[in-house]
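Peer 1: To start, I am sharing the structure in question, which I have written as structure tokens.
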Amino acid sequence: MNQMPLFETPRLSVSEFTRRIRRLLEGDKALQDVWVQGELSNVSRPTSGHLYFTLKDAGASLRCVMWRSEAARLGALSLRDGLFVETHGKVTVYEPNGQYQLIVDVLRPAGEGALYAEFLRLKALLEAEGLFDPTRKRPIPPFPRKIGLVTSPTGAALRDMLNVLRRRLPLVEVMLAPSPVQGEEAPAALVMALKKLNEQFGPDVILLARGGGSIEDLWAFNDEQVVRAVAASTAPVISGVGHETDFTLVDFAADLRAPTPTAAAELATPITREELLAALETNHQRLQERMTRQIAERRQALHTLQSTLKFYAPARRLMTEQQRLDDLTHRLTRGLTAHFALETTRLNGWRDRLETLNPLSILRRGYAVVSRVEDGRILLRAQEAPPGSNLHVQLAEGRLTVEVK
Amino acid sequence: MTTSKPIEEMTYEEAFAALQAVVTALESESHSLEEALALYERGQALVRHSAALLQQAELRVRQLNGTVFAEES
């Protein structure tokens, strides 16, 4: 039987009840600024950008939410179920379903603090030894023939690198030294892979690569022996470990650090097939030009010779002689004409002079010429014609015959 | 200048270096027409060989233990 209560038991609505619980939890200062560590599960990141997950250990589970603004700070950290993490936040109650949950503002892989301290210690040690010295870094050959790969044979990193190499410079010979890239056996295997690759293949450059992962996943690339093996490699090493934001000690010891495996393959092939083809085409054109010019020069020389030959050709000589002959003929004709003209003038002169001396011209002025009939002698003295002589009297026009008395 | 190695057996670098030598020779030296033509033909053959090497090249991937690396695609 129910006993009558001494005092009336409070009656609360669900909302009132839940609110009291909420006030109770939110009023506990220890629960408002707390670190909780556990294993991730049920990770969900809907389009709202908020991050929902459950933290659990062997005995219990805790629902957590990380608002979008905080979740954005996680960057490339891959939150997968099973990852052991440390979270910081405060507890609250989500009234609609009456569940308490942790509002997380910081999330990091558990043990990261200790790992980071070890990373810094080792970095300082190796740096002091000069392993990261820029003067140790060797140039990457611009046109490698043999490229060695140290990576997992099953990873995406290998596939990415082979794709890049195939696209950019398929002339290269690739040797894969397979090695686990995470786990306890990874460091020793990576060291052995580097050693064997150098000794047995003699590559022009080595790509040491691994795809993205948590800081623990990449930890083999912070291993002291691996870092030393990279520094001691005969062939220059390009590291491409994790993502852009990940830095490992191998990156410091490598001759060149690439942000990703893909970038490592690109840096290993500075000259691509396309560029080689372009260079080939340039040389081909030069070859064509030289030959065209050589032929043109010879053709020009031939042409010049041909002209010279023509100049001295007999036919041309003949024509020249013909011309000279024509010229002379012309001059001769012209000379002759001039000569005739001159002679005619001279002749006319003499003819005029002769005319002035013509005795008959005197007769026109009334003089007469008298000559003896018997012997034709022209008389200059009267005694040459005794009386009875017959004389001719020549007048300007006509002649008289007279007898002297 | 010319190596005795047949062009077909040359690697890309050898062929390209030989091509450069041919072009330079054709540029800077004087040759008989016959020599020039021979150089030119050699140059053409080197261009063809180099281009073929580049265009037909297939990435050769092996694994350190000597086996050909087979990619799962």
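The values are calculated or read from the model by the stated rules, or taken from the named source; none is laboratory data. The shown structure was predicted, so the numbers you read here are calculated from the model rather than taken from an experiment. Neighbour counts run over all protein chains shown; Cβ positions are idealised from the backbone, glycine included. For accessibility, only protein heavy atoms count, side chains too; no ligands or nucleic acids. Shrake-Rupley method; radii C 1.70, N 1.55, O 1.52, S 1.80 Å.
Peer 1: Taking chain A as a Gaussian network, Cα atoms linked when under 10 Å apart, which of A:120, A:149, A:194 shows the biggest mean-square fluctuation?
Peer 2: Result for chain A, Cα springs under 10 Å: A:120 fluctuates most.
Peer 1: If you roll a 1.4 Å probe over the stretch A:4-45 with all protein chains in place, what percent of the accessible area is carbon or sulfur?
Peer 2: Solvent-exposed carbon and sulfur of the stretch A:4-45 make up 56 percent of the total.
Peer 1: Rule-of-thumb check for the stretch A:361-403: C-alpha Rg over 2.2 N^0.38 Å? Could the numbers behind the result be given before it?
Peer 2: Values: Rg = 10.4 Å, N = 43, 2.2 N^0.38 = 9.2 Å.
It is 1.13.
Peer 1: Excluding residue A:389 itself, calculate the net charge of residues whose Cβ lies under 12 Å from the Cβ of residue A:389, where each Lys or Arg counts +1 and each Asp or Glu counts -1. Can you show the working numbers first?
Peer 2: Values: positive: A:372, A:377, A:405; negative: A:374, A:375, A:384, A:403.
Within the 12 Å Cβ shell, the charges total -1.
Peer 1: Right, here's the next one. Counting heavy atoms of the protein chains only and a 1.4 Å probe, report the per residue accessible area for the protein assembly as shown as a whole number of Å².
Peer 2: Normalised by residue count, the accessible surface of the protein assembly as shown is 62 Å².
Peer 1: Taking N as the number of residues in the stretch A:215-255, what value does Rg over Cα atoms divided by 2.2 N^0.38 Å take?
Peer 2: Expressed relative to 2.2 N^0.38 Å, the Cα Rg reads 1.08.
Peer 1: Further question: Given a 10 angstrom Cα cut-off, can you work out which residue in A:56, A:29, A:195 is the most mobile in a GNM of chain A?
Peer 2: Of the options given, A:29 has the highest mean-square fluctuation.
Peer 1: Can you list the residues, at least 5 places off or on another chain, whose amide H is less than 5 Å from the amide H of residue A:241, using H built in the peptide plane?
Peer 2: Result for residue A:241 returns A:210, A:258.
Peer 1: Could you compute the net charge surrounding residue B:27? Neighbours are other residues with a C-beta less than 15 Å from the C-beta of residue B:27; K and R count +1, D and E count -1. Don't jump to the answer; show the numbers that get you there.
Peer 2: Working: positive: A:286, A:290, A:293, B:42; negative: A:289, A:297, B:29, B:35.
Result for the local shell: 0.
Peer 1: Over chain A, with a Gaussian network built from C-alpha contacts below 10 Å, which listed residue (A:132, A:311, A:201) shows the highest mean-square fluctuation?
Peer 2: Looking only at A:132, A:311, A:201, the biggest GNM fluctuation is shown by A:311.
Peer 1: Here's something else I'd like to know. With the radius of gyration and the Kirkwood radius both derived from the Cα set of the stretch A:130-273, what is their ratio Rg to Rh?
Peer 2: Rounded to two decimals, Rg/Rh equals 0.92.
Peer 1: Loop-only chymotrypsin sites (Phe, Trp or Tyr not before Pro) in the stretch A:5-49, please: DSSP not H, G, I, E or B, and at most 13 other Cβ atoms within 10 Å.
Peer 2: A:7
Peer 1: How large is the helix-only mean residue ellipticity at 222 nm for chain A, computed as the sum of -39500 (n - 2.57) over DSSP H runs with n ≥ 4, divided by its residue count, in deg cm²/dmol to the nearest 500?
Peer 2: The helix-only estimate for chain A comes to -13500 deg cm²/dmol at 222 nm.
Peer 1: Considering Cα pairs under 8 angstrom that are at least six residues apart, work out the relative contact order of chain A and quote it in whole percent.
Peer 2: Working: 582 pairs, mean separation 38.0, N = 405.
Worked out over chain A, it gives 9 percent.
Peer 1: Sort B:11, A:234 from largest to smallest accessible area, using a 1.4 Å probe on the heavy atoms of the protein chains.
Peer 2: A:234, B:11
Peer 1: The stretch A:290-362: which trypsin sites (Lys or Arg not before Pro) are DSSP loop and have at most 14 other beta-carbon atoms within 10 angstrom?
Peer 2: none
Peer 1: Taking every alpha carbon pair in the stretch A:95-142, what does the distance histogram look like in 10 angstrom bins from 0, in percent?
Peer 2: 18, 22, 21, 18, 10, 8, 4
Peer 1: Could you work out the Rg to Rh ratio of chain A, with Rh taken as the Kirkwood radius (inverse of the mean 1/r over all Cα pairs)?
Peer 2: Expressed as Rg/Rh, it is 1.96.
Peer 1: If you take the accessible area of B alone, add that of A alone, and subtract the area of the pair, what total do you get in Å², probe 1.4 Å, to the nearest 100?
Peer 2: 3500
Peer 1: So, with a 1.4 angstrom probe, what is the percent of accessible area on the stretch A:316-355 that is carbon and sulfur? Present the calculation step by step, with values, prior to reporting the outcome.
Peer 2: Details: 2480 of 4010 Å².
Carbon and sulfur: 62 percent of the exposed surface of the stretch A:316-355.
Peer 1: Regarding the stretch A:1-153, what is the average projected area of its C-alpha convex hull, in nm²? List each step's numbers first, then the result.
Peer 2: Values: hull surface 73.4 nm².
Its Cα hull, projected and averaged over all orientations, spans 18.4 nm².
Peer 1: Would you mind calculating the relative contact order of the stretch A:4-150 from Cα pairs under 8 angstrom and at least 6 residues apart, reporting the percent as a whole number?
Peer 2: Worked out over the stretch A:4-150, it gives 20 percent.
Peer 1: Heavy atoms only, probe 1.4 angstrom, no DNA, RNA or ligands counted: give me B:8, A:397 ranked by accessible area, highest first.
Peer 2: So, going from the largest accessible area down, we get A:397, B:8.
Peer 1: Excluding same-chain pairs closer than 8 in sequence, count the lysine pairs in chain A whose Cα atoms lie under 25 Å apart.
Peer 2: Number of lysine pairs found: 10.
Peer 1: Output the residues of the stretch A:245-289 meeting this criterion: accessible area (heavy atoms, 1.4 Å probe) in the chain alone minus accessible area with all protein chains in place is 20 Å² or greater.
Peer 2: Buried-area filter returns A:273, A:276, A:277, A:280, A:283, A:284, A:286, A:287, A:288.
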